[in-house]
Every structure is written in C-alpha cells, then in structure tokens.
Amino acid sequence: MQPENAPRPTSAGGWSGRFDEPVSELVKRYTASVDFDRRLAEYDIQGSLAHARMLNACAILPAEDLAAIERGMAQILGEVRGGAFVWRLELEDVHLNIERRLTELVGDAGKRLHTGRSRNDQVATDVRLWLRAAIDQIDIGLRALQSALVDLADAHVDTAMPGFTHLQVAQPVSFAHHLLAYFEMLARDRERFVDCRRRVNRLPLGAAALAGTSFPIDRARVARDLGFDAVSANSLDAVSDRDFAIEFCAAAALTMTHLSRFSEELILWMNPRFSFIDLADRFCTGSSIMPQKKNPDVPELVRGKVGRVNGHLVALLTLMKGQPLAYNKDNQEDKEPLFDTVDTVLMTLTIYADMVGGIRVNARAMREALKQGFATATDLADYLVRQGVPFRDAHEAVARAVRHAEQAGCDLPDLPLADLQRFSPLIRDDVYAVLTIEGSMASRNHVGGTAPSAVRAALIEARARL
Ligand code: ARG
C-alpha cells in the first residue's frame with residue numbers, strides 16, 4: 001500500500017491524482033484529437049476570454065487574474081498564428097494544450113480559467129463558433145457562384161439550346177434559362193445554410209460537464225460577448241447536441257449534389273458529340289498516353305467529391321444514433337467529417353465560380369442539336385389545339401408528322417405545307433412561325449418560362465436577389 005500522499009505517475013491531462021498508471025503510447029495517440037482540433041484554437045481562445053470576462057464580472061475571478069489571462073491569451077494567439085505554438089500530443093486536445101500553455105505563462109490565473117466550465121461545453125462552443133464563421137464563408141462562395149452564373153447568362157439570353165428530358169431533346173430553351181435553374185438551386189442552398197446558422201448560433205457554455213455549474217454565472221453575458229443569439233436551454237442537450245453539425249452537412253450534401261448535376265452537364269457538353277461548350281484549359285488536364293485528350297477533370301472531381309460529403313453526413317448521423325445523454329467521447333469524432341465538409345464545399349465553390357466564368361459557348365452546335373430532335377413538335381401540337389383540335393388528337397397527328405419527317409430525313413419546319421396538311425387540314429402557312437426555334441421560345445413568355453423576354457426579367461430579379 002502506498003501512502004495517500006505518495007507521488008503518482010502524472011498523466012498530462014490534469015486528472016493525475018485519480019490514476020495509478022499513465023495511458024499507453026497507443027492509447028494516447030488513439031484518444032488524442034489535437035492533430036485535428038487545433039484548427040479550433042482561435043475560437044477556443046475567444047471562448048475562454050469571454051468566459052473569463054464573465055467570471056470576473058460575476059465576482060468569481062479577480063481582476064488581476066483576468067488581466068493575466070488576457071495577457072497570456074494574447075501571447076498564445078500570436079504563437080498559434082505564427083506557427084510557434086508547440087502542440088503536445090500528451091495534452092490530448094486543443095483545450096488542454098492552450099490551458100497548459102496559459103498556466104506556463106501566467107501561473108495560477110491560468111489554472112482558475114476552467115472554473116465553472118468543462119471541456120464538454122467548451123468544445124461545443126468552439127465548434128459552433130468555428131462553424132458559424134464557415135457558414136458565412138460558404139454564403140460568400142455561393143453568392144459568388146450565383147453571380148458568375150448570372151454574368152454568363154446575361155450574354156446568352158437569346159442562345160437557344162435543346163432542353164432535355166430523359167436526356168433526349170425535348171424543347172428549345174434559352175441557355176441563360178438553363179443556367180438560371182442552377183441559380184435557383186444555389187439560392188435554396190443559401191436559405192438552408194442561413195436557417196442552419198440560426199441553430200448553430202446558440203451558446204452551450206455554462207452547461208459545464210452536463211448539469212450546469214454551482215457558480216453564479218451569467219450565460220447571457222457570454223452569449224452577447226461571443227455574438228450568439230441565445231443560450232441553449234438545457235445543459236444536458238447543450239453538451240451533447242450535434243444536430244447543428246448534421247443539418248449543416250445535409251445542406252452541404254445538397255449543395256454538392258447540385259454541383260454534381262451541373263458538373264455532369266458540363267462533362268457531357270464538352271464531349272465532341274455535343275460540343276456545346278469548352279472549359280478553359282486551367283480546369284482540364286491531358287492524358288499521359290493519349291495526346292489528343294482534354295479531360296474535364298474539375299467537374300469530374302466535383303462529381304466525385306459528393307461521395308465524401310454524403311459520407312460525412314452519414315458518418316455524423318451514425319455517430320449520434322443511439323448515444324445516451326449527455327456528452328460521450330464518441331463526439332470527438334464529429335470534427336474531422338465536419339472540417340472536411342467545410343473544406344470541400346469552400347474549395348469547390350471557389351473553383352466553380354472561376355470555371356463558370358471561363359466557359360466558352362458554342363451556340364452553333366447547340367442550334368444544330370436542336371434541329372435534330374424535333375424540338376418544336378409540342379409547338380405544332382399547341383398550334384392545332386388553338387385551331388380547336390383536342391390536345392390528345394393533336395398529339396397523335398404531330399407524332400405521325402414527326403415519323404414522316406424522320407423518314408424524310410428532315411426537321412418539321414423543313415416539310416412543305418402540303419406534306420404537313422396530310423396530318424391535319426387545319427394547318428396553314430402561319431404554322432411556320434411556331435415551328436421555328438425562336439417562335440417556340442418566344443411563346444413561353446410567362447413567369448418562369450424560357451422566352452427571352454421572361455428570361456431577361458428573371459435575370460433582373462436574380463441580380464436584385466444577389
Ligand atoms: N476533445 C474532446 C472532444 O473533442 C473535448 C471534450 C472532452 N471531454 C471529456 N470529458 N473527455 O469532444
């Protein structure tokens with residue numbers, strides 16, 4: 001038996017008195033998070049300073065200790081930013097590393113900082129501060145991409161391309177109209193992130209380990225100090241809630257999904273069979289063996305990166321599934337998926353805006369493609385309906401006309417009037433006005449339609465929404 005006051009092996013964590021042996025090297029590495037959570041350092045310092053100011057205001061921490069903490073933290077911030085801070089694996093995570101350094105610098109004041117808090121509410125606060133800033137960056141990225149889309153669309157209101165369903169030529173659409181479809185998807189993405197931000201922006205600090213603290217703290221003051229909209233209402237929920245990270249990843253997965261759809265189209269359009277567009281060389285690479293190749297690497301990679309972002313969403317959902325209240329060490333696993341999601345989305349958005357700005361459009365190829373798919377067949381059917389033919393009968397008459405044109409090897413507007421009249425005696429020579437690509441597009445001139453007049457109005461709206 002060792003006497004009560006015999007020296008114990010010291011674990012770096014600050015709980016040494018409770019343990020008989022230190023953790024093994026492997027366990028140390030297994031449980032440490034400092035290699036990735038050091039990204040939170042600046043937010044950890046911010047949170048600690050707000051906590052210390054509140055402790056002082058509530059007469060829990062003397063003014064000279066607050067001053068020492070502020071002085072120490074200023075130095076630590078400089079060390080972190082300048083890369084001089086020495087991160088120690090045996091200190092497990094960002095929180096203990098910073099707290100230990102603070103104590104080295106300012107002594108007992110550093111040891112008093114942790115009064116009335118726990119790493120459980122501390123880490124939840126740090127992640128929320130970090131994610132809030134990331135969401136603001138993502139909003140800027142989404143907006144920049146929207147603005148690149150609008151700029152490109154501006155130049156192509158009158159550029160006709162085949163609109164597709166089932167990837168078969170369906171009806172003529174304005175290329176600008178097509179681009180603005182992505183503008184709308186990104187607009188919804190922004191709404192989702194803004195909405196998610198509201199739930200990110202609540203302060204867990206004060207929940208301490210799980211049950212709150214016995215000190216007379218002022219949580220609202222800390223919330224105000226750190227720019228949180230509110231404090232979390234339940235301490236158990238505060239330390240264990242990761243919904244905010246999950247819904248963020250869900251919003252990110254949708255953004256990436258949208259960009260993967262756009263990417264797939266860019267890849268198709270760049271194929272010589274389409275030749276609708278060309279991407280600037282800086283987004284493509286060649287082949288090490290096939291000298292003729294110009295591959296759309298960037299859109300392909302965007303399409304591929306959706307896999308990892310969707311994976312992170314599933315990882316976080318799985319992380320939380322079945323977790324009992326309150327904090328569990330499992331939660332340390334929330335950071336890498338979240339960090340990588342933010343990194344992936346931000347980088348993708350930045351590259352994408354630049355790539356859209358560099359798209360060269362081959363309007364002639366788009367028009368050629370339109371001529372091959374009987375894209376104005378619906379317009380002919382609508383014409384017959386206006387002459388009093390029931391739509392189903394008109395549909396059938398036009399289907400037969402298309403078949404005839406196909407056999408003749410031409411498009412509908414190339415058929416002579418006499419030929420067209422074989423399918424309905426109601427067809428007169430004014431039919432050619434609706435059989436043209438321009439006529440077809442111009443007739444869809446309602447809100448949300450592809451008529452150049454409608455698209456021009458949509459563009460003005462879009463710019464105003466930016
Ligand atoms: N590194 C931990 C995490 O990321 C911090 C909280 C640890 N709390 C604890 N009681 N072990 O979740």
Exercise. In debye, nearest 20: dipole of the chain around its Cα centre with unit charges on the Cβ of K, R (+) and D, E (-)?
Worked result: 200 debye
Seminar exercise, completed: Given Cβ charges of +1 for Lys and Arg and -1 for Asp and Glu, the option among Val231, Leu205, Gly449 whose Cα lies farthest towards the positive end of the dipole of the chain is Gly449
For this session: Determine, for each peptide in 314-326, 117-129, 64-76, the mean count of other beta carbons within 10 angstrom over its residues, then list the peptides with the highest first.
Result: 117-129, 64-76, 314-326
Problem set entry | Two-decimal Rg/Rh across segment 219-336, once Rg and the Kirkwood Rh are taken from alpha-carbon atoms | 1.21
Exercise. Measuring from centroid to centroid over Cα atoms, what is the spacing of segment 178-229 and segment 258-319 in Å?
Worked result: 33 Å
For this session: Could you quote the convex hull projected area for segment 69-171, Cα atoms only and averaged over all directions, in nm²?
Result: 12.5 nm²
Exercise. Roughly how big is segment 181-303's charge dipole about its Cα centre, with Cβ charges of +1 (Lys, Arg) and -1 (Asp, Glu), in debye to the nearest 20?
Worked result: 100 debye
Seminar exercise, completed: Sorted largest first, the C-alpha extents of segment 373-420 along its principal axes in whole angstrom are 29, 20, 14
Exercise. Dipole of segment 34-174, Cα-centred, from +1 at each Lys and Arg C-beta and -1 at each Asp and Glu C-beta, to the nearest 20 debye?
Worked result: 300 debye
Exercise. Hey, if we sort Cys249, Cys410 by accessible area with the 1.4 Å probe, largest down, what's the order?
Worked result: Cys410, Cys249
Exercise. Using alpha-carbon pairs under 8 Å, 6+ residues apart, how would you state the relative contact order of the chain in percent?
Worked result: 16 percent
Seminar exercise, completed: Residues meeting the amide H criterion for Ala170 (H placed from the backbone, H to H distance under 5 Å, 5 or more places apart or on another chain) are Gly163, Phe164, Thr165
Seminar exercise, completed: Once normalised by the length of segment 182-254, the mean sequence separation of its alpha carbon contacts under 8 Å that are 6 or more apart gives a contact order in percent of 39 percent
Problem set entry | Along each principal axis, Cα extent of segment 123-182, largest first, Å | 54, 27, 8
Seminar exercise, completed: Cα-Cα pairs in segment 392-466 separated by more than 15 Å, as a whole percent of all pairs, come to 63 percent
Seminar exercise, completed: Heavy-atom accessible area of Thr165, protein chains in place, probe 1.4 angstrom, given in Å² to nearest 10, is 80 Å²
Seminar exercise, completed: Sorted by accessible surface (1.4 Å probe, heavy atoms of the protein chains only), largest first, Trp269, Trp87 come out as Trp87, Trp269
For this session: Show the residues, 5+ positions off or on another chain, whose built amide H is closer than 5 Å to the amide H of Thr285.
Result: Asn295, Asp297
Exercise. In the P(r) worked out for segment 182-259, what percent of Cα pairs fall beyond 18 Å?
Worked result: 50 percent
Problem set entry | Interatomic Cα distance distribution for the chain, bins of 20 angstrom, percent | 20, 38, 25, 13, 4, 0
Problem set entry | Accessible surface of the chain, 1.4 Å probe, proportion on carbon and sulfur as whole % | 53 percent
Problem set entry | Listed peptides 287-294, 351-358 by packing density, highest first (mean Cβ within 10 Å) | 351-358, 287-294
Exercise. With every protein chain present, what is the per residue accessible area of the chain (1.4 Å probe, Å²)?
Worked result: 49 Å²
Exercise. Between Gln292, Leu279, Ile267, whose Cα lies farthest towards the positive end of the dipole of segment 243-353 when Lys and Arg beta carbons carry +1 and Asp and Glu beta carbons carry -1, centred on the Cα centre?
Worked result: Gln292
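So what's segment 281-407 giving for Cα Rg divided by 2.2 N^0.38 Å, two decimals?
It is 1.87.
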Problem set entry | Too-long pairs where the Cα-Cα distance tops 31 Å, listed order kept, from Lys28/Lys111; Lys293/Lys371; Lys293/Lys335 | Lys293/Lys335
Exercise. How do 411-422, 141-152 rank on mean C-beta neighbours within 10 Å, highest first?
Worked result: 141-152, 411-422
Seminar exercise, completed: Stretched fully, the stretch from Arg463 through Glu25 gains (0.36 nm per residue minus C-alpha distance, one decimal, in nm) 151.9 nm
Problem set entry | With all protein chains modelled, accessible area of Thr378 [1.4 Å, Å²] | 50 Å²
For this session: Ignoring everything but the protein chains, give the 1.4 Å probe accessible area of Glu333 in square angstrom, nearest 10.
Result: 110 Å²
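Ordering Tyr327, Tyr30 by how much accessible area each has at a 1.4 Å probe, largest first, what is the list?
Greatest to least solvent exposure: Tyr30, Tyr327.
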For this session: May I ask for the equivalent-ellipsoid semi-axes of segment 109-215, computed as the square root of five times each C-alpha gyration tensor eigenvalue and listed largest first in whole Å?
Result: 50, 13, 8
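The values are calculated or read from the model by the stated rules, or taken from the named source; none is laboratory data. This structure is a prediction, so every number in the text was calculated from the model and none was measured. Using ideal geometry, Cβ is built from the backbone for each residue, glycine included, and neighbour counts are taken over all protein chains shown. These accessible areas exclude ligands, DNA and RNA; they are computed on the full protein's heavy atoms, side chains included. Shrake-Rupley method; radii C 1.70, N 1.55, O 1.52, S 1.80 Å.
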